[in-house]
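Accompanying notes for the structure given below.
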Amino acid sequence: MSTSIIGFPRIGENRELKRATEKYWKKEIDQDELLKISDELKEKNWQIQADANLSLISAGDFSFFDNVLDATTLLNITPKRYSDLGLNQLDEYFAQARGYQDDNHSVKALPMKKWYNTNYHYIVPEIDDDTEIKLVETRFFDDVKKATAKHSNVKASLIGPFTIIKLSRYVGNKSAQDFIEPIVEAYKDIFSRLNEIDIKWLQIDEPSLVFDLTAEDKKLFDDLYTRILAIPHDFKINLQTYFGDVRDIYEDLNKLPFDGLGLDFLEGKQTLDLIKKYGFDDNKVLFAGVVNGKNIWRNEYKKTIELLKSLPVKNIVISTSCSLLHVPYTVENETELNPELKQHLAFAYQKLDELHDLDESFFNGNTELLDANEALFKNVNHPKDPAVTKRIASLTDADYTRLPKRAERETIQKDEFHLPDLPTTTIGSFPQTKDVRKNRSLYKHHEIDKNQYDQFNKDKIKRIIEWQEEAGFDVLVHGEYERNDMVEYFGENLEGFAFTKKAWVQSYGTRAVKPPIIWGDVSRRNPITVAASTYAQSLTDKPVKGMLTGPVTIFNWSFPREDIPAKESVTQIALAIQDEVLDLEKHGIKIIQIDEAALREKLPLRKSDWYKEYLDWAIPAFKLVHSKVQPTTQIHTHMCYSEFNDIIKAIDNMDADVISFEASRSDLSIIDKLKANNFETEVGPGVYDIHSPRVPSQSEIYNVISDILAKLHESKVWINPDCGLKTRGESESFASLKNFIAAVQQKRGEL
Ligand code: GLN
Ligand code: ZN
């Protein structure tokens with residue numbers, strides 16, 4: 001046995017699963033049809049792995065929405081309000097993921113959070129005192145069984161119980177400890193079911209082991225696994241970790257009777273040292289994560305082979321650093337990509353080939369493959385721009401400091417804008433309806449010219465400006481109709497970026513993104529948003545927010561270069577966006593929102609790395625973007641998800657004037673933290689969840705606003721939804737926003 005992967009993408013090379021699932025939601029196809037399409041996708045995945053000669057075929061990693069939700073469904077961790085709906089298993093599953101509304105019911109979706117340091121989102125499990133953990137017979141076993149019918153070397157995979165209970169939200173009085181017993185009982189049933197199926201390995205994913213672990217965490221893990229591993233099983237067990245190293249628990253893992261340990265050698269900075277220091281059990285198999293599961297550059301075989309050779313380990317399986325879920329399907333689909341760049345890329349299919357090549361080189365001594373790969377690496381040619389290098393070299397502290405101080409700006413801006421209490425705004429995008437996408441597609445396919453394309457978007461802008469005025473918004477937006485994606489749109493106007501046509505990566509549920517590739521030095525080619533923003537502003541006396549994507553988000557949502565430090569790449573992007581900010585200001589745009597939707601996402605998983613590895617360059621990059629604007633220009637930022645409880649000071653130090661963020665789908669707990677930290681930036685905690693099609697009532701929004709005002713002073717609070725509306729339909733958005741404005745007006749009446 002020599003090669004394996006942790007998991008594979010499942011949305012389909014052409015996003016077949018997305019299309020089918022959304023059709024199912026709209027009742028355009030029935031469940032049988034959806035299951036048929038998903039079965040085909042799974043079988044294709046298994047076959048591709050078999051064709052690439054992997055020693056193990058991964059099964060059970062498929063998901064209709066999210067693997068954490070799959071695992072909680074398997075363990076019966078389904079909150080009662082969803083099981084009470086009386087739906088079939090799949091619909092109950094989707095109800096938790098997306099919320100559910102019919103004539104008699106209205107239940108919100110479960111919260112969603114970013115999966116470790118990725119842009120994938122998982123559904124946060126909710127455990128109450130009466131949660132009865134036990135095995136529920138689900139699709140998981142069918143999938144694995146189907147795989148074994150066709151392939152003899154199947155590895156099933158599950159998200160492990162430690163990770164599930166660490167990621168869960170406990171809404172009652174009980175805590176993780178209280179659930180060990182029922183989990184072990186459930187695993188007895190899971191193992192006895194798996195014993196009936198002919199799998200070779202069970203991979204249990206425990207990525208939560210790469211966080212900083214307390215003594216209590218370790219005890220929890222040990223308690224769980226000493227008992228789980230004692231359950232009779234006819235297959236081997238691989239404890240799989242990724243996104244970092246397991247420095248706090250490596251010695252225990254090495255001692256526990258796992259048959260395999262999956263360790264990440266790329267993000268796991270200490271993995272190699274741990275093995276060298278503590279050794280590696282000869283009776284175990286090391287699943288060595290050496291092929292990057294997150295980035296898309298080719299593997300440098302020589303380096304990888306050297307690493308593998310240096311390992312004092314008897315049994316090695318060459319594997320990926322994490323699931324290939326986080327990379328697109330295949331480079332082959334990118335027919336329009338610059339061949340110079342293309343030869344350096346490896347997506348999921350190519351990574352399977354890389355595993356095969358590494359296998360041949362490492363185990364069978366094939367040197368031809370090594371030489372060819374080495375030649376490729378001698379030939380990397382990232383486009384360089386000396387002007388960019390020079391501009392960065394000349395930066396001083398003053399470039400990172402906005403004056404006067406924020407408190408003073410706040411007074412100046414209150415005078416400038418005369419906004420009412422609780423000013424209302426949206427996060428930027430309005431629904432990208434069919435006609436908007438059609439217009440873009442016609443233009444892309446040269447069926448309409450630039451004028452026609454622009455005119456259509458102008459009409460849309462005009463209509464939405466009128467709608468917002470009519471509805472009673474205070475700070476308007478132009479709707480972002482011209483953007484396919486908040487990163488791609490900017491990247492297309494910057495030097496140094498490359499774009500793909502089909503390189504989709506799942507973000508959450510049926511949502512996928514197509515991250516650009518940062519390939520060379522970055523600079524702004526031409527003004528990007530100025531025309532749309534100034535046109536929108538010309539239609540109204542109310543302020544229109546200019547809408548930009550910030551440098552950290554552009555960087556985090558792209559596939560980054562690996563030949564220069566992240567800091568340098570981000571600074572290049574920051575300067576390009578600074579040019580755009582100053583251009584907007586020059587053209588009369590007085591409020592500019594610089595979205596840093598993804599700032600929190602790449603925060604290192606270990607606390608000790610937060611500043612030195614990330615925030616120390618990420619926060620300055622944001623400051624560089626807006627430091628040169630006038631005191632009267634109001635800078636907003638927006639962050640998706642409010643998981644920044646622990647880095648509140650750093651967020652305040654971004655020195656924006658206003659920040660909006662998601663709050664409705666987590667809970668409002670962050671507000672206490674803002675208060676406790678004397679947060680200075682004005683805040684717009686999202687008052688309703690736009691990730692769900694559900695329409696919140698006026699009173700529901702009113703209550704959220706009241707909760708916020710119970711904790712924060714009204715002079716500091718903005719009211720907005722919690723993210724952009726582009727993925728929503730117009731009817732639900734307009735209905736929600738009308739309730740929203742009515743709720744704000746009701747509240748203002750009481751102030
Ligand atoms: N301005 C963007 C929008 O409204 C922000 C999107 C985001 O935060 N993901 O679409
Ligand atoms: Zn957002």
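Throughout, read-outs are computed from the coordinates displayed, never taken from laboratory work. All figures in this text were calculated on a predicted structure; none of them were measured in a lab. As a convention, Cβ positions derive from the backbone with ideal geometry for all residues, glycine included, and neighbour counts pool all protein chains shown.
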statement: Under the helix-only model (-39500 (n - 2.57) for each DSSP H run of 4 or more, divided by the residues of the chain), the mean residue ellipticity at 222 nm, to 500 deg cm²/dmol, is -12500 deg cm²/dmol
query: Where does the chain land on the Kirkwood hydrodynamic radius, alpha-carbon pairs, in angstrom?
result: 27.2 Å
Charge dipole (the chain, unit charges on Cβ, about Cα centre) - positive-most of Gly724, Val154, Ala109: Gly724
field: Ranked packing of 58-70, 386-398, 100-112, most packed first, by mean Cβ within 10 Å
entry: 58-70, 100-112, 386-398
field: Virtual spin-label span in nm between Arg169 and Glu469, 7 Å along Cα→Cβ
entry: 4.0 nm
- request: Express as a percent, rounded to the nearest 5, the fraction of DSSP beta bridges in the chain (both residues included) that run antiparallel.
  value: 20 percent
- prompt: Taking the Cα centre of the chain as the origin and placing charges on Cβ (Lys, Arg +1; Asp, Glu -1), which of Leu341, His356, Ile6 is farthest toward the positive end of the dipole?
  reply: Leu341
query: Which FRET efficiency value, to the nearest 0.05, is calculated for Glu368 and Asn338 with the Förster distance at 25 angstrom and r the Cβ-Cβ distance?
result: 0.40
statement: In whole angstrom, largest first, the equivalent ellipsoid semi-axes that the Cα gyration tensor gives for region 613-751 are 27, 17, 15
message: Please report, in whole Å³, the volume per residue of the convex hull around the C-alpha atoms of region 389-493.
response: 165 Å³
statement: With a Förster distance of 25 angstrom and the Cβ-Cβ distance between Tyr489 and Lys27, calculated FRET efficiency to the nearest 0.05 equals 0.15
- prompt: Farthest toward the dipole's positive end in region 489-580, which of Phe497, Pro516, Gln578, given Cβ charges of +1 (Lys, Arg) and -1 (Asp, Glu) about the Cα centre?
  reply: Pro516
- prompt: When the Karplus curve 6.51 cos²θ - 1.76 cosθ + 1.60 is applied with θ = phi - 60°, which whole-Hz ³J(HN,Hα) does each residue of region 36-45 get, with x for Gly and Pro?
  reply: 5, 5, 5, 4, 5, 5, 4, 4, 5, 4
query: For the chain, what relative contact order do you get, as a whole percent, if you take Cα pairs closer than 8 Å and at least 6 residues apart?
result: 12 percent
task: Starting with the highest mean, order 696-708, 440-452, 572-584 by the number of other Cβ atoms within 10 Å, averaged over the residues of each peptide.
output: 572-584, 696-708, 440-452
- line: At R0 = 56 Å the Cβ-Cβ FRET efficiency linking Gln630 and Arg437, nearest 0.05, sits at 0.90
query: In debye to the nearest 20, how big a dipole does region 32-152 give about its Cα centre with +1 on each Lys and Arg Cβ and -1 on each Asp and Glu Cβ?
result: 440 debye
message: Just to be sure I understand the model, the point goes 7 Å from the Cα along the line to the Cβ. What's the resulting Ser192 to Asp212 distance in nm?
response: 4.3 nm
statement: In Å, the Kirkwood hydrodynamic radius from C-alpha pairs for region 227-274 sits at 11.6 Å
- request: Quickly rank 7-15, 538-546 as a protection proxy: mean count of other C-beta atoms within 10 Å, highest first.
  value: 7-15, 538-546
